[in-house]
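Each remark here refers to the structure printed beneath this line.
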Amino acid sequence: MVPIPHHFPPTMERPSLHPSPFRRGALRGILATLLTVGGIALVHLPRTSDAQSAPTARPGTSRGGDVLALDYRKSVESALAQNFEIRIERISPKIAAAQLKTAKGDFDPELQLSYTYSRSQQQQNTLNNNLDDGSSAVSQPDLFVENTGNEFDSGIVGLAPWGMTYDLGGSVVNSGDSRKEFDTYEPFVGLQLTQPLLRGFGTDVNLSAIRIARTNEAISDWELRKRVIDVITRTITAYNEYYYSIRNLEVERQSRDLARQTLEDNSRRAEIGVMYPLDITQARADVATRDERVLVAERQMLDNENALKQLVSDRTRSILNLRLQIAPPPSMKGFRFDKTADIARSFSLRPDYRQTLLDLQNQKINIVVRRNETLPRLDLEASFGVNGHDRNLSGSVSNLSAANNTSATAGIIFRYPIGNRAAKGRLDEAKLTVAQQLLSLKNLEQQILIEIDNAAGQIDTTRKRIETTTAARVLAEETLKSGQARLASGTTTTFEVLQFQSDAAAARIAELRAAADHNIAIATYAQLTGTTLERAGVSIRAGM
């Protein structure tokens, strides 16, 4: 048996997306005013300062096509409202609910109605009691006997949760014979029951399909939650990657422009004889290298823009004409967390862990069913009915109340496959599957601990990277400024200044990369601890 914490409910309500109170956490201060978009409740991200809130346009790109202005808040809202993955997954709980309804339908009584008409004609001399060789004087081969019949049947049949099958019904048979001047009517009303005593007995077996369907419904709820968490995390990641690529392109273009300026300055110095041709060649080579870096940065920016567009828009063919303008992401250098508490909560919040527990619950139900299948078939059968007989329908129905017009049967049936290897094999398979699932659960628990510890470490590391890269960028800019002054005075070489320019650009890019990685690390930490929805102010609950 897998240990399941008492505070882990085996199932959850079928989800809907509605407002929930704001919780402080990884995106603390990001979400504030409640807004419902497409059934998902979320809260608005706070406005950054005026300098930060203005959307950042793609540098040096065409203004053609529609423009979508986004900030952190709007990107998450758009993803929750328009993302195709969420909209697709939102249907899964409804499918699971339909499957649960199907499983419950196995116990719905079934009404059966039928009518049968029959007619037969036979030569009189061929009837069993009138056979002759054809030579008799009384033989009349041209005479026929006609029999007609009308049978009406009705009944209600079904299965009870403890395994009993029932058939409650009645019939009326109307018979006519051309040799008689009247018809006969034979009504019947009865009940037939079959109750398994071993195999197929009990609610544990007969309600197993409903219990599994109900668990699958809860699994689909967690799958929807998992999808929403994944899309939110990917949206935050894509937003930071896109903003980083915009700023990276700006830095690369500034670095290229600086190299071009150095080339122009060196060319003028060479004209007056104070610069060697080698310095010109070095400057030209460096410009070409930086042109290539600009091309790579432009492609990276366009790819990142497409990734973000796919997450926040439900456009199809016109999506390529959409252009994004985004505001700078909020600074999260002050983010704090409690790793120990978050690890404890992750086992009740992470969808993959909850789904594994529910799947294990289904496998245990399967063991109960497979164990029952190894038992012999021992069924008790019984029936009781009353019948009537008369020349008219009303009289025959009146005869049903007669004490002597009854019939009853009782019996027992035993069946058992010799060896019964098929059922025993299925039971062994079910037990091994549970054992395998228990090991998978332990492996997942270990994986969760490692993932959260690594994610927490990434937050600390990226925070320190922001501090160190900022200091490195300041020093690199000071070094570049000093180098340019020395080049102007002729006390250093072009090669050294170009190197200073590259170092300064690399330092600025490293600072941007550290800031983006820090925000992504926080979003990843929330995903791995299962707290993304809580920190984003999104709730999923019944009533969808």
State to the nearest 20 debye the size of the charge dipole of segment 138-251 about its Cα centre, where the only charges are +1 on K and R beta carbons and -1 on D and E beta carbons.
-> 1080
Debye calc, one equal point scatterer per Cα of segment 355-416, no solvent, log10 I(q)/I(0) at q = 0.25 1/Å comes to -0.97
Given H placed 1.01 Å from N in the peptide plane, which residues other than close sequence neighbours of residue 325 have an amide H under 5 Å from its amide H?
-> 68, 69, 70
Given just the C-alpha atoms of segment 336-488, how large is their convex hull per residue in cubic angstrom?
-> 336
Could you tally the net charge around residue 85, taking each other residue with its Cβ under 12 Å from the Cβ of residue 85, Lys/Arg +1 and Asp/Glu -1?
-> +1
Long-range alpha-carbon pairs in segment 152-214, meaning those over 16 Å apart, account in percent for 63
Over 26 Å (Cα to Cα) - which of 333/442; 101/226; 101/431; 94/442; 94/339; 94/226 fall in this group | 333/442; 101/431; 94/442; 94/339
Debye calc, one equal point scatterer per Cα of segment 401-480, no solvent, log10 I(q)/I(0) at q = 0.20, 0.22 1/Å comes to -0.99, -1.04
With N denoting the number of residues in segment 275-380, provide Rg(C-alpha) divided by 2.2 N^0.38 Å, to two decimal places.
-> 2.34
By counting other Cβ atoms within 10 Å of each Cβ, how are 301, 164, 275 ranked from fewest to most?
-> 164, 275, 301
To the nearest whole percent, what portion of all C-alpha pairs in segment 296-339 is separated by more than 12 angstrom?
-> 71
In nm, spacing of pseudo-spin labels at residue 478 and residue 148 (7 Å Cα→C-beta vector) = 11.7
What is the Cα convex hull volume of segment 270-324 when expressed per residue in Å³?
-> 100
Neighbourhood charge, 14 Å Cβ-Cβ cut-off, centred on residue 370 and excluding it, Lys, Arg +1 and Asp, Glu -1 | +3
In terms of modelled amide H atoms, which long-range or inter-chain residues lie less than 5 Å from the amide H of residue 197?
-> 378, 379, 380
Scaled to the compact-protein estimate 2.2 N^0.38 Å, what is the alpha-carbon radius of gyration of segment 171-282, rounded to two decimal places?
-> 3.40
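Read-outs: derived from the displayed coordinates by stated rules, not from any lab. For clarity, every value in this text was computed on a predicted model and none was experimentally measured. No Cβ is skipped: glycine too gets one built from the backbone with ideal geometry, and neighbour counts run over all protein chains shown.
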